[in-house]
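Nothing in this text is a laboratory measurement; each read-out follows from the coordinates by a stated rule. What you are looking at is a predicted structure, and each value in this text was computed from that prediction instead of being measured. Heads up, the Cβs are rebuilt from the backbone with ideal geometry, glycines too, and the neighbour counts pull from every protein chain shown.
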Amino acid sequence: MTPQTEQKLDTFVSIVAPVRDASAYIEKFVIETAAILESRFKDFEIIVVDNCSADDTVDVIERLQKSVRNIQLYCLVSHIDDESVFVAGLEQAIGDVVITMDPRLDPPRCLPSLLEPLARGVEIVYARQSRQNLGVGERVRRDIVQAASSSVRKRFDVSVDDSSFRLMTRKVINAFLDNSDRYALFTVIAGLTGFKHAVIEYKPENVTGNSVRRSLFGDILRSIRIMLLTSKWPLRLLIIAALIGATVNLIYSAYVVGVAVFVGGVAEGWTSLSLQIATMFFIMFMILSVLSDYVLRLIVHSQRRPHYLIARERSSLVLSRKQELNVALARREGQDSEVIVKAGTRR
């Protein structure tokens, strides 16, 4: 064993990287990531989840598997959202430490910074782009998204616009995968588990040449969905709103009766009646929209359909952990043979 090998950590690290039409940059990403992990760890795996690429991304990865060890490729049957692709990769990872990376934005050279907090007993590390590195438009956009997800950020110290460049230990992954809503809650994984977490700042680098920014409207909807899934307050507020609406309606009914008894001959106002109807219908449809969302999720969960299907699975020609298992097995077989020989001699 060389001195360089002795310095390597015995921690098994898994990288989860979803891709779609990434043939132009995936080779460089995989080679750089593998080189960094090779220099630091005895064993690792790079899990690439192909989200139905239309180009030759799969061919590039399969070619890399012939020369770069420990690459796992999973090809999905149909296209799914980005958060669900990450969760699909997490469900396949077997490492003691799992790191999620977006090959479009997350440079492999930032991996050492993400790994440093592990020595302090941190279970979750997620990277966040510094506000100083944002333009005016991006700052305004972040403020809007953070305002929309204020309740989520207050509880989980994370916003839906944070990067997917994260590190999680096996304890965190196991706790998160037990959650039935894990496909929608990947963003707030740090808060759901309750484990100690840390934040590092990094600068994303777009290697695609195209804009990969998510829509502002989509981030706001994602914030609302996470809030509905992680908190009971939205339903409680709607219950309060419904009670207030019922109370106002009752008071208005008393007002109508009072006018009819004490005033007499005074026609009811069309404006006040229209306002009352509009207010009641607004509250009614708000309640129906939230209840419909909950009912829809109950139906989806009751059907127990798989969230994704893997159409194809390929591995590198060389996997470190299988080599280690083969060596251990060979040693064990050698010992057993020696025992048999000795027993024969004694006879």
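Can you tell me the length gained on complete extension of the stretch L273 to Y294, counting 0.36 nm per residue apart and subtracting the Cα distance? All intermediate terms of the calculation are to be shown ahead of the outcome.
Working: separation 21, 0.36 × 21 = 7.56 nm, distance 3.21 nm.
Gain on extension, L273 to Y294, equals 4.3 nm.
According to a simple spin-label model (label point 7 Å from Cα along Cα-to-Cβ), what is the distance in nm between D81 and I244?
2.9
Quote to one decimal, in nm, the extra length available between I287 and A54 on full extension: 0.36 nm per residue of separation minus the C-alpha distance between them.
Working it through step by step, the gained length comes to 79.7 nm.
Using θ = phi - 60° and the Karplus curve 6.51 cos²θ - 1.76 cosθ + 1.60, what whole-Hz ³J(HN,Hα) does each residue of region 72-89 get, with Gly and Pro shown as x?
After applying 6.51 cos²θ - 1.76 cosθ + 1.60, I find 10, 10, 10, 10, 7, 6, 9, 6, 10, 6, 4, 4, 5, 5, 4, 5, 4, x Hz.
With r defined as the distance between the Cβ atoms of R120 and K28 and R0 fixed at 41 Å, what FRET efficiency is calculated, to the nearest 0.05? Don't jump to the answer; show the numbers that get you there.
Numbers: r = 31 Å, r/R0 = 0.77.
The value I calculate is 0.85.
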